[in-house]
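Below is one structure, written out as structure tokens; the observations come after it.
The values are calculated or read from the model by the stated rules, or taken from the named source; none is laboratory data. Keep in mind that what you see is a predicted model, and the values were worked out from it rather than measured. Ideal geometry is used to build each Cβ from the backbone, glycine not excepted, and the neighbour counts take in all protein chains shown.
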Amino acid sequence: MSDKLEILSGKFISGNTEYCTVEKFVNAPYIRKSFNLAKFKQAKLYVTGLGFYRLFVNGEEKTKGLLCPYVSNPDDVIFYDCYDLSVNLKEGKNCFGFILGNGMQNAMGGDTWDMDKATFRSAPKLALSLEIDGKIVMEADETFKWKESPITFDDLRFGEHYDARLEIDGWADVDFDDASWKNCVYAVTDKGEKRISKIPPIEKYREITPKKIFKSENGYIYDFGYNSAGLCKIKICGDKGQKITLQYGEVINDGKINMANMYNPSTNKKFAHIDEYICKGQGCEEHLASFTYHSFQYVYVQGITEEQATEELLTFYLYSTKFDALTEFECSDDTINKLQQMCKNATLSNFYHFPTDCPHREKNGWTGDVGISVEQMLLNHDCADNLRQWMHNVRKAQREDGAFPGIVPTTGWGFAWGNGPAWDCVISLVPYYVYKYTGDKVILEENADSLYKYLQYMSAKRTDGYLCYGLGDWCEIMASPSPTTPLYFTDTLIGYNISKKAEEIYKVLGRERELKYAEQLSAELYTAIEKQFLSPKRLCLFETQTSYAMLVGYGILKGEDAERAVKRLVELIALNRNKLRTGILGARLIFHVLSDYGYGDLAHYMIADDKYPSYGEWVKKGQTSLWERFHETEDCEDIKTKNGYPVTSLNHHMYSDITQWFTKYITGIRVNPAVSDYKHIVVKPSAYKEITYAKGSYSRNGSKVSVEWVREGDEITLKVANVGDFRVEIDVSEYTIIEKIEKDGLVEYKLGAN
């Protein structure tokens, strides 16, 4: 073959042209190809499976992770993985083997978001190119052979069915006889841009065994004591043809699994969150699903005997995109420590290639959820590459007029409902915060034109100077159905924040035309805010916690105006029994605003108190992840639905910004506060009344700053260690310095109250 062929092949093949539906199952295909190689030095394979693939080389699995290569709209982007197979292939005869899954290409379980209506919907398909010493020597074609695999049904949201009786031993081995297998057929090439995926894989990071097993109806419930996302490995010595059904859920009512909060209105409940395994009956069998994942604490198992209902039957494998953890945190308040772990669990549970809203019923990349959580994600996890790749998909989904959908990827759903400034803000916030935490200017440049197009779109959407379209302060506590803070207020303030972030981005890039446009738009929105929303005393006309948190948090009110506004905010909080009364937009800002203006103890109380509504209440209930809403229940046994729509998911990250508050205000580690140098760290801890001890660290690129403080009586001992090239500035201006000792990169203070 010519060495001038494109490295990322657009020649796609399928086994069968039929695709799986809930009415008619079509097995996932085995695909294999035997081939000979002359002596070589380097071998690279570029491969994509639409939707997913597993790769075997000479009988050994080499798939880089779960759900490869990615989840994307293939009419927008087709992602390929690159494998260096120089030590895996050999001179002489070799074999590639693949199993293909449906993924986004055939998203039956995504019907609520019209993914089942995708124009590209088809049977799974495969494209590849094998590069030997710089030359392409193989692409997928009709000489590849295929056979039905034991995966009889698979869907990213529904689950997977596996019939072990259909397994074919050695099917991917070099010397396997595939003479009876059928030849593959060429498939239509999706029109998306071809790109190599450059993000870390989804990998298992923890195993959990069941904490309780008990009889329930016609089966057994396995309680893992931990609500997270991943797969259950099944291990069983069963009879041939014995079918085991696993149904995954978050809630138990009266000893039975309750799936009410796991469904969307159009969900086919017969299939949702269910895996099936049929035994081949040859000794002890083990199985792990290939092309799906679930979020759960409980598994309802049917089809097993009492003797088979053992602890060894199921093991919970927790998966997430592989990240380096960047922060450590602990303090004397155990509720705060548990909330820190719950925030991290919610983030990892919802990071499968990109951030999702929940890891069970949706698995969607809701843009607003990302905008709310992006800063804490970057503070806690080395996820910048994943966010950068997802933003490529965001740009591809942007309409010509500048509008964004509420979810990415999408096949077109989300423009009529589910977007608006509070969700579209990712076009400014993700590049801005990636730059803040990594110094990467490339992501600013990549998104600059798309951001400019959106600024023009947003400007054109104004009515009487303000903005009012899309979603507002979502999931507000005790507010139904609409938030108490008006949409035209939250939209206009977020539009202002988008414009201000755009100003900073264009200043860094030196793009004068776009900078002037952003400055003019932010000035006009500021004028509209003053005119429409502020009283003559510059207090808000809307007396809500969210309104004041946004006015101060977004820098609209400053100086004495801000102090007056925060004082009024504290009064409103007091009128609400010192409880939080916001949705996700207000919650993202309120604790920072309170702490910046001397009310950190109140912020701590609002978070840690164990009475509804508070984060501490979730801890008291024994939860291990964050909820979608602050839902007043006694013990999670009252998960309601309204018009068939689930009210509360028990694994969401929308309210997770508190983990950033823990690091920033309790430990005192503030990363790049001026957004001018990502290596600049300001250490400014706050010793709150109910906290006597705190310890934490932040690391990146081999550098690490560690902080520890202890309060005894009126004295505080503060230790700050800096390893690497962080530029650390210690701010103890709130205290009286009794003693200061510096030695070998460690600074120790004895501090007293001012």
For region 1-51, list the strands (runs of 3 or more DSSP E) that sit wholly inside it and hold at least 2 residues that are among the aromatic types (Phe, Trp, Tyr); which are they? 29-37
Report, by residue number, each residue of region 249-278 that is within 24 Å of GLU628 (Cβ to Cβ), buried (at least 17 other Cβ atoms within 10 Å of the Cβ) and touching a helix residue (DSSP H, G or I) at 6+ places or on another chain (Cβ under 8 Å). GLY249, GLU250, VAL251, ASN264, THR267, PHE271, ALA272, HIS273
Determine, yes or no, whether ASN364 is farther than 28 Å from PHE214 by Cβ and crowded, with 21+ Cβ neighbours inside 10 Å. yes
Determine if region 423-439 includes at least one residue that is without any contact (Cβ under 8 Å) to a residue 60 or more places away in the chain, out of contact with any Cys (no Cβ under 8 Å at 6 or more places or on another chain) and closer than 22 Å to THR112 by Cα. yes
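Taking region 437-467 only, how many residues are assigned to a helix (DSSP H, G or I) and under 17 Å from GLN389 (Cα atoms)?
First, the residues of region 437-467 that are assigned to a helix (DSSP H, G or I): 437-438, 442-460.
Add one more test, that the residue is under 17 Å from GLN389 (Cα atoms), and what stays is 437-438, 442-451.
Matching residues across region 437-467 total 12.
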Which of the residues belonging to region 6-35 are in contact with a Ser or Thr (Cβ under 8 Å, 6 or more places away or on another chain) and among the aliphatic types (A, V, I, L, M)? ILE7, LEU8, ALA28
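Kindly indicate which of ARG581, ARG538, ARG577, ARG568 is out of contact with any strand residue (DSSP E or B) (no Cβ under 7 Å at 6 or more places or on another chain), in a helix (DSSP H, G or I) and of a type in the set (Lys, Arg).
Selected residue: ARG568, the only one of ARG581, ARG538, ARG577, ARG568 that is out of contact with any strand residue (DSSP E or B) (no Cβ under 7 Å at 6 or more places or on another chain), in a helix (DSSP H, G or I) and of a type in the set (Lys, Arg).
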Taking the conditions exactly as written (in a loop (DSSP other than H, G, I, E, B), buried (at least 24 other Cβ atoms within 10 Å of the Cβ), at pLDDT 95 or above and not small (Gly, Ala, Ser)), does PHE404 satisfy them or not? yes
Among strands (runs of 3 or more DSSP E) completely within region 155-202, the ones holding 2 or more residues that are of a type in the set (A, V, I, L, M, F, W, C), outside the structural domain of CYS358 (by TED's automatic domain parsing) and modelled with pLDDT of 95 or more are 185-187
Identify the single condition in (1) crowded, with 19+ Cβ neighbours inside 10 Å; (2) in a helix (DSSP H, G or I) that THR410 does not satisfy, given that it satisfies every other one. (2)
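Yes or no, residue by residue, for (1) hydrophobic (A, V, I, L, M, F, W, C); (2) over 30 Å from HIS604 (Cβ atoms); (3) out of contact with any Leu (no Cβ under 9 Å at 6 or more places or on another chain); (4) not assigned by TED's automatic domain parsing to the domain that holds SER614:
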position: ASP275; (1), (2), (3), (4): no, yes, no, yes
position: TYR293; (1), (2), (3), (4): no, yes, no, yes
position: ILE336; (1), (2), (3), (4): yes, no, yes, no
position: HIS353; (1), (2), (3), (4): no, yes, no, no
position: ASN364; (1), (2), (3), (4): no, yes, yes, no
Here is a list of conditions, (1) farther than 27 Å from PHE153 by Cα; (2) modelled with pLDDT of 95 or more; (3) surrounded by 18 or more Cβ atoms within 10 Å (Cβ to Cβ), and PHE323 meets all of them except one; can you say which number that is? (2)
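Anything in region 96-120 that is among the β-branched types (Val, Ile, Thr) and over 22 Å from the mean Cα position of the chain (by Cα)? List them, or say none. Full working, then the answer.
Step one: of region 96-120, the residues among the β-branched types (Val, Ile, Thr) are 99, 112, 119.
Selection gives ILE99, THR119.
Show me the strands (runs of 3 or more DSSP E) found entirely inside region 220-319 where at least 2 residues are farther than 27 Å from LEU339 by Cα and touching a residue at least 60 places away in the same chain (Cβ under 8 Å). Explain how you work it out, then say what you get.
On the way: elements: 243-249, 251-253, 256-258, 274-278, 284-287, 294-302.
Because the criterion is at least 2 residues that are farther than 27 Å from LEU339 by Cα and touching a residue at least 60 places away in the same chain (Cβ under 8 Å), the strands (runs of 3 or more DSSP E) in region 220-319 that meet it are 243-249, 274-278, 284-287, 294-302.
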Going through region 208-219 one residue at a time, which ones are part of a strand (DSSP E or B), among the charged types (D, E, K, R) and under 30 Å from THR356 (Cα atoms)? LYS212
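State which residue is farthest from ASP81 (Cα to Cα) when the search covers only region 128-161 and only residues that are aliphatic (A, V, I, L, M) and buried (at least 24 other Cβ atoms within 10 Å of the Cβ). Give the derivation first.
Going through region 128-161, the residues aliphatic (A, V, I, L, M) turn out to be 128, 130, 132, 136-138, 140, 151, 156.
Imposing the further condition that a residue be buried (at least 24 other Cβ atoms within 10 Å of the Cβ) reduces the set to 128, 130, 140, 151, 156.
On the way: LEU128: 9, LEU130: 12, ALA140: 15, ILE151: 23, LEU156: 20 Å.
Looking at the filtered set, the residue picked out is ILE151.
For (1) outside the structural domain of TRP417 (by TED's automatic domain parsing); (2) under 28 Å from PHE176 (Cα atoms); (3) not aliphatic (A, V, I, L, M), each residue gets a yes or a no:
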| site | (1), (2), (3) |
| --- | --- |
| THR17 | yes, yes, yes |
| VAL26 | yes, yes, no |
| LYS33 | yes, yes, yes |
| VAL47 | yes, yes, no |
| LEU50 | yes, yes, no |
| VAL71 | yes, no, no |
Determine, yes or no, whether SER499 is among the small types (Gly, Ala, Ser), assigned to a helix (DSSP H, G or I) and within 29 Å of the chain's Cα centre (by Cα). yes
Lone qualifier among LEU541, LEU580, LEU557, LEU572 - being free of Cβ contacts under 8 Å to residues at least 12 places away in the same chain and either more than 28 Å from ALA448 (Cβ to Cβ) or not assigned by TED's automatic domain parsing to the domain that holds PRO431 (or both): LEU541
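Of the residues GLY470, GLY418, GLY439, which single one is small (Gly, Ala, Ser), farther than 27 Å from ALA587 by Cβ and surrounded by fewer than 24 Cβ atoms within 10 Å (Cβ to Cβ)? Full working, then the answer.
On the way: GLY470 fails: farther than 27 Å from ALA587 by Cβ; GLY418 fails: farther than 27 Å from ALA587 by Cβ.
Every option except GLY439 fails the conditions.
Please find, among GLY472, GLY465, the residue that is small (Gly, Ala, Ser), on the phi < 0 side of the Ramachandran plot and in contact with a helix residue (DSSP H, G or I) (Cβ under 6 Å, 6 or more places away or on another chain).
Unique residue meeting the criteria: GLY472.
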